[in-house]
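Novice: Once you've had a glance at the structure underneath, I'll fire off some questions.
Just so you know, all these numbers are worked out from the coordinates, no wet-lab data involved. Keep in mind that this is a model prediction, so the values were computed, not measured. So basically every Cβ, Gly included, is an ideal-geometry build from the backbone, and we count neighbours across all protein chains shown.
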Amino acid sequence: MSESEPKHRILLIITGGIAAYKCLELIRRARDRGIAVRCVMTKAAQQFVTPLSVGALTNDRVFTDLFDLNDEREIGHIRLSREAGLVVVAPASADFLAKMAGGHADDLASSVLLATDKPVLVAPAMNSRMWAHPATVRNVATLTEDGISFIGPGVGEMAESGEAGAGRMSEPHDILDAIQEMLEGPVQGPLQGLRFLITAGPTHEPIDPVRYIANRSSGQQGYAIATAAARLGADVTLVSGPTGLAAPDGVETIQVEAASDMLAAVEASLPADIAVFTAAVADWRVDGSAEQKIKKDRKGTPQLKLVENADILATVSQLPGAERPQLVIGFAAETEHVIKHATAKLARKSCDWIVANDVSPATGIMGGAHNEVHLIKDGGSVDDWPRMAKDEVADRLVREAGEYALAHRT
Ligand SMILES: Cc1cc2nc3c(=O)[nH]c(=O)nc-3n(C[C@H](O)[C@H](O)[C@H](O)COP(=O)(O)O)c2cc1C
């Protein structure tokens, strides 16, 4: 940032999560966008990054202690956020969310938050089990009710364990987009005016009221696509099978179970400009699933007769004229001859693009945080993308699809 007056000032509260290191990039990028950052760090945050490195990047002193008399005389916790247009908590640990929700004020960071009259944006970061814990869910609901805004967390690999799931702090550039939007109002995204319809996750095909046939799809790639499209300004509907993932911000999310419900929800959500079908829809369902739980003590083992489900990708691809989305994108999860099988699928279903990937267990793609895809288009081109985080695959796909749809609009 130049020495000239910054466009905005924010107060950044860094709490004790492994993602604290990402704050250094957040501060640097904020300054590039003309946003001056003043930092408060909790005691735990200082285990992850030092006030020295944070202060070097903010070019300001870093505030850490509620009982520092000098601070109290010179500035004080009540005044700390006064010059800022916005207070940002990033990363927000599970512990700190609990403190905020409980209205605690036993350290500088929590006292500032209790005393501020400025809008507050929170970027949670934690292990996916901590994020899904009922206590955290309750705290987030309380804070949302209190008018606190959230960004993320995203889905991806956890820094500390290599495990994948929801809980990863949003990327600094996304947090900055959210900061800018809160300070300056909605930013016109490049996909403004486009409507995306996306499916994600597995389907559950009932055997009886308590048992079902499912598959290993986690839904992460579809959720990442929905998130990316919404962030870039598109109007997004996500039809999701059972995944346990939190509905992405700004996305109309419809939860379904069986393939037949998914097709009905997709049809009800049309028209759309772009349809992206990432869901691993069951090919078969149990013919006449039982209305009551099948008992083990009845004679012999039950014989399940499978019947074919409707094909959602083919149904939508083959819709007539204006009812058909301008661009229909399917996903092909293959375990061998990936390009050959995916190209055949594209022709068979009449969709426009297929994103093909190798989901053999050795690739770790199904349920993992990364993906390695080939984008096959109906003209026959095959584009091999490098191995990327599912968020990055989503961003690239959504941008390419959006550009195509805007360029070919009738
Ligand atoms: C190596 C390590 C990594 C941690 N990462 C996280 C994390 O990412 N998110 C989280 O909520 N807690 C994490 N914790 C636990 C918090 O640091 C701990 O709950 C702390 O008391 C939070 O303090 P705070 O309220 O100042 O954030 C981690 C702890 C350790 C030792």
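Novice: Gap in Å between the Cα centre of the range 321-338 and the Cα centre of the range 180-210?
Specialist: The range 180-210 and the range 321-338 have Cα centres spaced 18 Å from each other.
Novice: Neighbour counts of other C-beta atoms within 10 Å: give me THR227, THR199, THR136 arranged from fewest to most.
Specialist: Going from sparsest to densest Cβ surroundings: THR136, THR227, THR199.
Novice: Taking K and R as +1 and D and E as -1, what net charge do the other residues with C-beta under 10 Å from the C-beta of VAL393 add up to?
Specialist: Spelling it out: positives minus negatives among the neighbours equals -1.
Novice: Work out from phi, with θ = phi - 60° and the Karplus expression 6.51 cos²θ - 1.76 cosθ + 1.60, the ³J(HN,Hα) of each residue of the range 234-248, listed in order in whole Hz, and give x for Gly and Pro.
Specialist: 6, 8, 10, 10, 10, 9, 10, x, x, 10, x, 7, 6, 4, x
Novice: Which of LYS7/LYS99; LYS22/LYS99; LYS293/LYS390; LYS43/LYS118 have a Cα-Cα distance over 27 Å?
Specialist: In this structure, LYS7/LYS99; LYS293/LYS390 exceed 27 Å between Cα atoms.
Novice: If I take every Cα pair under 8 Å that is 6 or more residues apart in the chain, average their sequence separation and divide by the length, what percent do I get for the relative contact order?
Specialist: Computed over the chain, the figure is 11 percent.
Novice: Separate question: Which of the DSSP-defined H helices in the chain satisfy a minimum axial length of 24 Å, computed from C-alpha atoms, and a minimum mean Kyte-Doolittle hydropathy of 0.0?
Specialist: Long hydrophobic helices here: none detected.
Novice: Something else about it: On full extension of the chain, what length is gained from ASP60 through GLN47, given 0.36 nm per residue of separation minus the C-alpha to C-alpha distance?
Specialist: 2.7 nm
Novice: If you average 1/r over all unlike Cα pairs in the range 272-325 and invert the result, what Kirkwood radius do you get in angstrom?
Specialist: The answer is 14.5 Å.
Novice: Looking only at ILE376, ILE294, ILE151, which one moves most when the chain is put into a Gaussian network model with springs between Cα atoms under 10 Å?
Specialist: Largest GNM mean-square fluctuation: ILE294.
Novice: Hey, fewest Cβ within 10 Å first, where do TRP131, TRP353 land in order?
Specialist: With the sparsest Cβ surroundings first, the list reads TRP131, TRP353.
Novice: To continue, here is another question. For the range 127-244, what ratio Rg/Rh do Cα atoms give with a Kirkwood hydrodynamic radius?
Specialist: Taking Rg over the Kirkwood Rh, I get 1.01.
Novice: Separation of the range 23-47 and the range 346-374 by C-alpha centroid, Å?
Specialist: Taking the Cα centre of each part, the range 23-47 and the range 346-374 sit 38 Å apart.
Novice: Pull out the extension gain between ALA344 and GLU267, defined as 0.36 nm times the separation in residues minus the alpha carbon to alpha carbon distance; nm, one decimal.
Specialist: Result: 25.2 nm gained on full extension.
Novice: Using the Karplus curve 6.51 cos²θ - 1.76 cosθ + 1.60 with θ = phi - 60°, work out ³J(HN,Hα) for each residue of the range 323-337 in order, rounded to whole Hz, and write x for Gly and Pro.
Specialist: With the stated coefficients, the range 323-337 comes to 6, 7, x, 4, 10, 10, 10, x, 10, 10, 8, 10, 10, 7, 6 Hz.
Novice: Please report the relative contact order for the range 168-276, taking Cα pairs under 8 Å with a sequence separation of at least 6, and give it as a percent rounded to a whole number.
Specialist: Relative contact order here is 31 percent.
Novice: Right, another one. Put a dot 7 Å past each Cα toward the Cβ at PHE67 and ASP95; how far apart are the dots in nm?
Specialist: About 1.8 nm separates the two model spin labels.
Novice: Now for a different question. Relative contact order (percent) for the range 260-410, with alpha-carbon contacts under 8 angstrom and 6 or more residues of separation?
Specialist: 19 percent.
Novice: If all Cα-Cα distances of the range 8-184 are sorted into 10 Å bins from 0 onward, what percent lands in each bin, rounded to whole numbers?
Specialist: Once binned at 10 Å, the Cα pair distances of the range 8-184 give 10, 42, 38, 9, 0.
Novice: Follow-up. Tell me the GluC sites (Glu not before Pro) within the range 110-200 that lie in a loop according to DSSP and have at most 11 other beta-carbon atoms within 10 Å.
Specialist: Hits after loop and neighbour filter: GLU160.
Novice: Most fluctuating residue of LEU319, LEU346, LEU270 in a GNM of the chain with Cα springs under 10 Å: which is it?
Specialist: LEU319
Novice: What number, in nm² with one decimal, is the all-direction average of the projected area of the convex hull of the alpha-carbon atoms of the range 201-320?
Specialist: Mean projected area for the range 201-320: 8.4 nm², to one decimal.
Novice: I'd like the Kirkwood hydrodynamic radius of the chain, using the inverse of the mean 1/r over distinct C-alpha pairs, in Å.
Specialist: 23.2 Å
Novice: Given a Förster distance of 30 Å, report the FRET efficiency between ALA310 and ARG399 from their Cβ-Cβ distance, rounded to the nearest 0.05.
Specialist: 0.45
Novice: At a 10 Å Cβ-Cβ cut-off, how would you order HIS133, HIS77, fewest neighbours first?
Specialist: Starting with the residue having the fewest Cβ neighbours, the order is HIS133, HIS77.
Novice: For the range 179-243, what is the Kirkwood hydrodynamic radius in Å, using each pair of distinct C-alpha atoms?
Specialist: For the range 179-243, the Kirkwood estimate is 13.7 Å.
Novice: Pull up all non-local amide H partners of PHE150: gap of 5 or more, or a different chain, and H-to-H distance under 5 Å with H placed in the peptide plane.
Specialist: VAL122
Novice: Rounded if a/c is under 1.5, else prolate if a/b beats b/c, else oblate: with a ≥ b ≥ c from the C-alpha gyration tensor eigenvalues square-rooted, which is the range 258-391?
Specialist: It is oblate, given that a/c is not under 1.5 and a/b is not larger than b/c.
Novice: Which lysines, if any, have their Cα less than 26 Å from the Cα of LYS296, not counting same-chain residues under 8 positions apart?
Specialist: Answer for LYS296, where 26 Å is the Cα cut-off: LYS305, listed by chain and number.
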